[in-house]
Each structure stands twice: as structure tokens, then as C-alpha cells.
Amino acid sequence: MRRLGPFLRDAWALARPYWSSEDRWRARGLLAVVVALNLSLVGMTVLLTYWQRAFYNTLEAKDWDGFIALLFTWHTTEAEGWLPGFSIVAAAYILIAVYQLYLRQALQIRWRRWLTEIYLTQWLEGRAYYRMALTDPVTDNPDQRIAEDARMFVDDTLSLGLGLMNSVVTLASFIIVLWSLSGPLNVLGVEIPGYMVWVALIYALLGTWLAHLIGRPLIALNFTQQKVEADFRFALVRFRENSEGIALYGGEADEQRGLTQRFRALMENWWAIMTATKRLTFFTAGYTQVAIVFPIVVAAPAYFAGRIPLGGLIQTSSAFGQVQGALSWFVDNYARLTEWRATVERLTGFTRAVRAARGADAGPVVAKGTAPALSLRGVTLELPDGRVLLDRGEAEIAPGEAVVITGASGSGKSTLFRAIAGIWPFGSGRIDLPATGRALFLPQRPYIPLGTLKRAVCYPEDEAGFTDAAVAEALEAAELGHLMSRLHEADAWDKRLSGGEQQRIALARALLLKPDWLFLDEATASLDPGAEERLYRRLKERLPGTALISIAHRPAVARFHGRAMRIEGQKLKVGGGEPPPNPLPSLSPGD
């Protein structure tokens with residue numbers, strides 16, 4: 001393989017942290033037991049070759065007692081010494097094989113759990129997932145890399161690693177047996193000791209070289225296949241998540257064209273894999289079939305000359321097969337090695353993309369200040385393409401103040417909220433957060449997590465920290481009293497609730513969590529004017545000490561705020577502290 005050294009370094013960089021992690025002793029213990037069981041299986045395979053020689057010799061000698069003993073109990077011969085019966089060897093082999101697989105699977109799931117937690121932490125820390133979505137078009141489907149590629153990496157690393165170790169031990173064990181069985185061969189007056197070992201070596205090296213030559217295209221094809229498979233799954237999930245919008249637009253035909261196009265890319269690459277695999281399989285199948293009779297053909301002259309008995313011929317053939325099989329590990333696993341390489345490259349790319357996202361320019365500096373107010377100092381906001389939305393904006397918002405932010409669509413209002421939240425990575429300047437107090441941001445499209453309705457209302461806090469009565473009261477205040485009886489019902493609430501109801505859930509969160517700073521990015525845009533007015537009044541009355549900062553296009557929203565800011569021409573125009581145009585009506589008991 002090209003770039004074998006860098007590839008192996010990447011694979012080691014992915015695997016090494018687990019074996020030095022907090023789970024290292026349990027992992028190393030499990031691995032040691034699995035390796036010991038693997039070595040036991042190799043030892044039993046060596047034992048079986050001696051059993052085969054004795055068994056076929058009893059057949060050749062028509063020794064009935066020896067035949068029965070070698071099947072069920074034990075037998076002692078002059079050549080092999082004491083040998084257990086096949087039933088004993090088979091029972092022990094089955095027991096060891098079962099627990100070797102069971103413990104290897106236990107190690108796999110522990111390693112996968114640890115790796116998944118690490119990748120999730122890296123992806124979520126510093127909001128790398130958000131920055132990657134904005135700036136990295138190359139690292140496709142990070143969710144699939146965490147879920148599917150991590151699983152494949154762990155499974156393939158253990159399977160291939162243990163398989164390679166098994167082949168090395170098998171080679172070391174059987175090469176001695178084969179050397180002692182094959183004896184010397186005279187070629188043109190030159191005596192070659194252990195000639196069957198050299199024949200097996202030449203056979204395997206030639207096969208390895210040809211397998212790599214034939215199967216090399218599979219490396220790139222397997223990488224592409226993982227990508228197009230992930231793209232197709234992502235498109236199907238996106239279709240499911242947006243089924244209502246698609247249905248309302250009547251966009252089924254266009255969606256089918258898009259899905260068909262993605263699947264066509266998947267299918268075309270699969271056909272290319274099939275063609276490359278067909279060529280490789282032609283070779284590997286022929287290579288394997290020839291290996292069945294090849295050692296017998298090579299050793300047959302000695303058998304017909306009477307130098308070895310039938311049992312010796314069978315043992316020689318078996319030992320040759322084991323040596324040739326161990327030397328041919330690369331040939332037998334070439335297709336899987338190409339898949340493993342593709343997985344390593346995808347995970348390495350994901351890791352590098354996460355590091356790049358976390359180490360990239362973080363945009364305006366956002367930090368806790370020493371004053372109680374929220375301050376913007378020379379804040380410049382840009383889009384990923386470099387276009388400036390806000391140029392050196394200056395503002396200050398006092399605790400408990402109500403401020404409305406207006407401006408044309410696309411002027412940067414929502415981006416300003418993202419910058420205050422510390423998630424916008426493009427720009428400069430400084431944002432001093434209040435020295436104390438908690439902020440809550442409510443976007444126009446609320447996020448509704450999976451799980452119960454109570455969890456959706458309490459998000460992002462732990463629902464265990466709130467009583468059912470408190471959550472029900474928040475729902476009632478948000479005019480969702482009809483859902484109070486379904487608090488512990490798990491459902492796809494983002495599908496069950498209308499856009500307006502989802503915004504009410506977000507407002508219920510604010511009423512429940514009682515933040516000190518509440519940012520609403522058109523968080524009531526899906527409500528009718530009457531409901532919007534009632535809920536804004538309820539926020540003002542139930543959260544009297546909360547600073548309320550709203551983005552809104554509706555002029556009626558301004559009356560609930562004491563001051564206005566406007567983004568216009570890349571400038572932040574800050575209004576004074578004049579009262580709202582109309583006094584706020586009091587909240588009647590019916591509201």
C-alpha cells in the first residue's frame with residue numbers, strides 16, 4: 001500500500017489513547033485473556049496435526065482399537081507418544097473458541113463505548129460541531145463517523161490485529177513441524193533443507209504481490225462507498241425530519257429525484273467495487289484452491305517412494321496449509337484491509353477537522369466582565385465568506401432592561417445573538433457578559449429534544465431538578481394547559497406540536513428556568529398577535545428582574561421594550577432610554 005508508514009501512524013494514533021486511558025487495566029486484562037485463548041487455539045491446531053498423522057496411520061494399518069481410541073479416549077503411539085481422542089480435543093476447542101469470541105466482543109463494546117464518548121466530547125466541546133457545519137464542507141456526515149466508522153474501526157482493528165497475531169504464531173509453530181517433515185531436496189546437485197518451507201514462502205509471497213496489484217483500486221473505492229452510504233442515510237433522515245414541509249410543498253417528485261441521484265452514486269461506486277472484488281476473488285479463490293492440492297503434489301514423490309507413510313503425507317499437507325495460510329494472511333484479508341484503511345482515514349479526517357474547528361479564530365472575545373451590564377466593545381461580525389454584517393458595534397444593556405433589536409432581514413440581528421452566546425467564529429471585538437446571572441436564548445425555531453414532554457420543557461436542565469407541578473404551571477402559563485397530563489409521555493414532540501406550540505414550549509422553559517438574561521430571536525413569530533401580546537405580558541410580569549432582549553420584525557413587539565437598537569448599514573444604532581410608545585396593560589386574571 002502507498003503511504004503505509006503515515007497510514008499506520010494514523011491508525012496507532014487512533015488506537016493508542018484507549019490503551020493508556022482510565023479503562024486501560026481492564027482492557028489490557030481482557031486483551032491478555034483473548035490472546036491467551038488465541039494461542040491455545042493455535043496450540044490445539046498443532047496438536048491436531050499430530051492426531052491426524054496417528055489417525056491416518058491407524059487407517060492405513062487397519063488398527064481398529066487405535067481408531068476407536070483416537071476418536072473417543074486417548075492413544076499412545078511410538079512416533080507421537082500420548083494423544084487425546086478427537087472428542088476431548090473437539091470439546092476443548094469449542095469451549096475455548098466460544099469464550100475467545102465472547103471476551104473479544106466484550107472488549108470491542110468497551111473500546112467502542114470509550115471511543116464514542118471521546119468523539120462526542122471532542123465534537124461538542126467548544127461547539128466544534130457548530131463551527132464545522134459553518135466552515136468545513138469536506139468532513140461530511142460527522143454523525144456517521146462517530147456512530148458507524150468508530151464501530152468499524154474497533155471491530156476491524158481487533159479482528160485484523162488478533163488475526164495477524166494468530167498467523168504469526170501459527171507460522172512460528174508450524175514452520176518447525178513442516179521443516180522436520182519435509183526433509184532435504186536435491187536440485188541440480190544442491191541440497192535444499194526443509195524444502196517445503198521454501199516452497200510455501202515463495203507461494204505466499206507471489207500471491208501477496210499479485211493480490212495487492214489486483215486489489216489496489218479497492219482502497220479508494222471503499223473510502224468513497226462509506227461516504228456515499230452515509231450521504232444516502234443522511235438524506236433519508238433529513239426527508240423524515242422535514243416530512244411535513246415536503247408534504248405541504250408537494251415536493252415528493254423532487255425529493256425522489258434527489259434520493260435517487262444519491263442512491264445512483266452509491267450504486268455506481270458499488271458496481272466498481274463489485275468489478276474490483278470480482279477480479280480479486282478470481283485470483284484469491286484460485287490461489288486458495290491450488291493450495292489444497294499443491295502440498296500433496298509436492299510431497300507425493302516421497303510418499304510413493306515409501307519414505308513417508310500416509311499419515312505423514314497428511315500431516316505434511318496440513319502443516320504446509322497452515323504455513324502457507326499464515327504467510328497468506330495479507331492475501332486473505334486484502335479486501336477487509338482496504339475497508340479498515342478507509343475507516344482510519346475518515347476518523348483521522350474527523351479528528352483533524354474537530355481540532356481545526358476548536359483551534360480556529362473564535363470571533364469576538366466573549367468573557368465574563370466585572371460589571372453587572374452586558375457590553376459590546378468594537379464588535380465586528382462577518383460571514384464565512386468575509387462579508388461584514390456589523391462594523392465596530394458599541395452597546396450596553398443594563399440588568400432588567402428590555403431592548404428590542406430591529407433591522408432588515410439578513411442585516412445580522414441573529415448573528416449578533418450568536419456572537420453574544422459565544423458561538424459565532426467570524427469577527428472581532430469584545431463582548432463582556434454580566435458578572436453574574438444566567439442567560440437563555442430562544443431561537444425562532446425551538447429545539448425539542450427526544451424524550452418526554454417534561455424533558456422538553458426543562459431543557460437544557462435535568463428534568464429531575466423540577467417538580468411536575470412546577471412544569472405543569474409553566475405549561476399553563478404558556479397556554480399549553482391541554483398538555484399537562486402528558487408530561488411523562490415520550491414522543492416525537494417536534495412532529496406532534498405545531499410551530500406555535502413549539503414556540504410556547506420554549507416560552508414555558510423561560511418561565512420555568514427564570515433566567516436573568518432572556519434573548520428572544522423572533523421567538524413568538526409563529527403566534528397570532530393576541531397570543532404574542534399575552535405571552536410577552538406574562539414574561540414581563542413573571543420575570544420582573546429579567547433583562548429581555550428581543551429580535552422582532554413586528555412593530556407591536558416594540559411596545560414591550562423600553563429601548564430600541566437597529567442594525568443598518570453595518571452600524572449598530574442605539575436608542576435612548578425612553579419609555580415604550582404605549583404603556584403596558586396589566587395582566588387580567590383571565591390571561
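A short reminder: the numbers here are calculations on the coordinates, not readings from a lab. No experiment lies behind these values; they were computed from the predicted model shown. Note: ideal-geometry Cβ built from the backbone for every residue, glycine included; neighbour counts use all protein chains shown.
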field: Distant-in-sequence amide H partners of Val365 (H built 1.01 Å from N, under 5 Å)
entry: Gly429, Arg430, Ile431
- request: Can you work out the PRE-style zone for Val388? Point 7 Å along Cα to Cβ, and I want the residues of segment 419-454 with backbone N under 14 Å.
  value: 427-429
- request: Counting only GluC sites (Glu not before Pro) that are in a DSSP loop and have at most 10 other C-beta atoms within 10 Å, tell me the longest site-free stretch of the chain.
  value: 79-591
- prompt: Between rounded, prolate and oblate, where does segment 8-142 land on the alpha carbon gyration tensor, with a ≥ b ≥ c its root eigenvalues, rounded for a/c under 1.5, else prolate if a/b exceeds b/c?
  reply: prolate
query: Taking amide hydrogens as modeled 1.01 Å from N in the peptide plane, which residues meet the under 5 Å criterion relative to Ser550, leaving out close sequence neighbours?
result: Val403, Val404, Ile405, Leu520
message: Charges on Cβ only, +1 for Lys and Arg, -1 for Asp and Glu, centred on the Cα centroid of the chain; of Cys458, Leu4, Leu83, which one is farthest towards the dipole's positive end?
response: Leu4
query: Which of Ile505, Gly161, Ala371 sits farthest toward the positive end of the charge dipole of the chain, with +1 on the Cβ of Lys and Arg and -1 on the Cβ of Asp and Glu?
result: Ala371
query: Along the Cα-to-Cβ line of Leu213, 7 Å from the Cα, sits a label point; which residues in segment 308-334 have backbone N less than 17 Å from it?
result: 331-332
message: Between Thr73 and Ser180, what's the calculated FRET efficiency when r is the beta-carbon distance and R0 is 25 Å? Round to 0.05.
response: 0.35
- line: Any helix of the chain counts here only if DSSP assigns it H throughout, its Cα atoms span 20 Å or more along the axis, and its mean Kyte-Doolittle hydropathy is at least 0.5, and such helices are 24-61, 86-124, 150-182, 195-215, 310-327
query: Hey, which aspartates and glutamates would be in cross-link range of Lys571, C-alpha to C-alpha under 20 Å, not counting anything within fewer than 8 residues on its own chain?
result: Glu382, Asp385, Asp391, Glu394, Glu396, Asp432, Asp521
- prompt: If the chain between Ala253 and Trp64 were fully stretched, how many nm would it gain, using 0.36 nm times the residue separation less the Cα-Cα distance?
  reply: 60.5 nm
Pairs beyond 29 Å (Cα-Cα), from Lys413/Lys540; Lys227/Lys413; Lys413/Lys514: Lys227/Lys413
Gyration tensor verdict on segment 502-555 (Cα atoms; rounded if a/c is under 1.5, prolate if a/b is larger than b/c, oblate otherwise): prolate
- line: Output for segment 399-454: chymotrypsin sites (Phe, Trp or Tyr not before Pro) sitting in coil per DSSP, at most 15 other Cβ within 10 Å, listed by number, reads Tyr447
query: Under unit Cβ charges (Lys, Arg +1; Asp, Glu -1), what dipole magnitude, rounded to 20 debye, does the chain have relative to its Cα centre?
result: 1020 debye
Reachable lysines, given that their alpha-carbon falls under 22 Å from the alpha-carbon of Lys495 and they are not under 8 places away in the same chain: Lys454
